[in-house]
Amino acid sequence: MAIRQILRRSLSNERKSAEVPKGHVAVYVGHSEKKRYVISVSYLNHPSFQELLFQAEEEFGFNHPMGGLTIPCSEDLFVDLISDLSTR
């Protein structure tokens with residue numbers, strides 16, 4: 001549960017949600033309801049995350065509906081992956 005709290009950014013606070021620390025990237029995750037997460041750019045090169053990026057490319061191409069990188073997977077799967085990557 002702690003990783004979920006670390007990753008999640010409040011969408012209700014516009015100023016806070018716009019902040020992305022150096023070395024991080026904001027992504028939107030989910031199928032119908034998208035939630036915003038801020039992750040380390042180091043995750044982008046991991047093979048498991050590369051698979052999610054490939055799925056995003058297949059589904060959205062370069063036209064992401066949220067205006068940012070959208071990952072088409074369940075929030076639970078994404079949190080599990082990020083949790084796994086953060087322990088490596």
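The values are calculated or read from the model by the stated rules, or taken from the named source; none is laboratory data. Since the model is a prediction, treat every value here as computed from it, not as a measurement. No Cβ is skipped: glycine too gets one built from the backbone with ideal geometry, and neighbour counts run over all protein chains shown. Calculation scope for accessible area: heavy atoms of the full protein, side chains included, ligands and nucleic acids excluded. Shrake-Rupley method; radii C 1.70, N 1.55, O 1.52, S 1.80 Å.
Here are the numbers for this structure:
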read-out	value
Two-site label geometry, Ser40 and Phe62: point separation in nm, points 7 Å out along Cα→Cβ	3.0 nm
Solvent-accessible area, 1.4 Å probe, carbon plus sulfur percent, for segment 16-88	51 percent
